[in-house]
Structures are given as C-alpha cells and as structure tokens.
Amino acid sequence: MHPLRLVSAVLWGFLGLRRGSEHQRDLQSLKPVHLLATGIALAGVLVLCLLMLARWAVAHA
C-alpha cells in the first residue's frame, strides 16, 4: 500500500472520475479501512481550508 496511491484513489473518488481498470486494481490492493480513514481526513482538510478561506475573505472585505 503506497500512501500516494491511497490519496490518489480517494481524490479521484471525490470527483467521481475513475477508470474501471484502476478501480479494480485499487479494490484488490487497498483496504477499505485505509480508504475510509484517508477519505475522512481529506474531507476534514477540505473543510478546514474552506473555513480559513471564508475567514480570510470576511476579514479582508
């Protein structure tokens, strides 16, 4: 399990764009628990970035 491959699979999953062959390869090599944990972590990072951007925009408006 390569961490960049795991992050890549989760990010492509966020977009909903995935080739069938890559999806099958990920299903065979990545564990669901790792995908879930990475997905939750990346979603949290996205929310924090959006909150910081909103605070910055309000402070500089």
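Per-structure values
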| item | result |
| --- | --- |
| Test: Arg5 is touching a helix residue (DSSP H, G or I) at 6+ places or on another chain (Cβ under 9 Å) and free of Cβ contacts under 8 Å to residues at least 12 places away in the same chain | no |
| Filter pass, Leu36 being assigned to a helix (DSSP H, G or I), in contact with a helix residue (DSSP H, G or I) (Cβ under 6 Å, 6 or more places away or on another chain) and either surrounded by 10 or more Cβ atoms within 10 Å (Cβ to Cβ) or at pLDDT 85 or above (or both) | no |
| Pair list, Cβ < 6 Å and 6+ apart or interchain, from region 37-61 residues that are over 16 Å from Gly13 (Cα atoms) to residues that are β-branched (Val, Ile, Thr) and modelled with pLDDT of 95 or more | none |
| Residue match in region 52-60 (condition: under 18 Å from the mean Cα position of the chain (by Cα) and surrounded by 10 or more Cβ atoms within 10 Å (Cβ to Cβ)) | no |
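The values are calculated or read from the model by the stated rules, or taken from the named source; none is laboratory data. These figures come from a predicted structure and were not determined experimentally. Neighbour counts run over all protein chains shown; Cβ positions are idealised from the backbone, glycine included.
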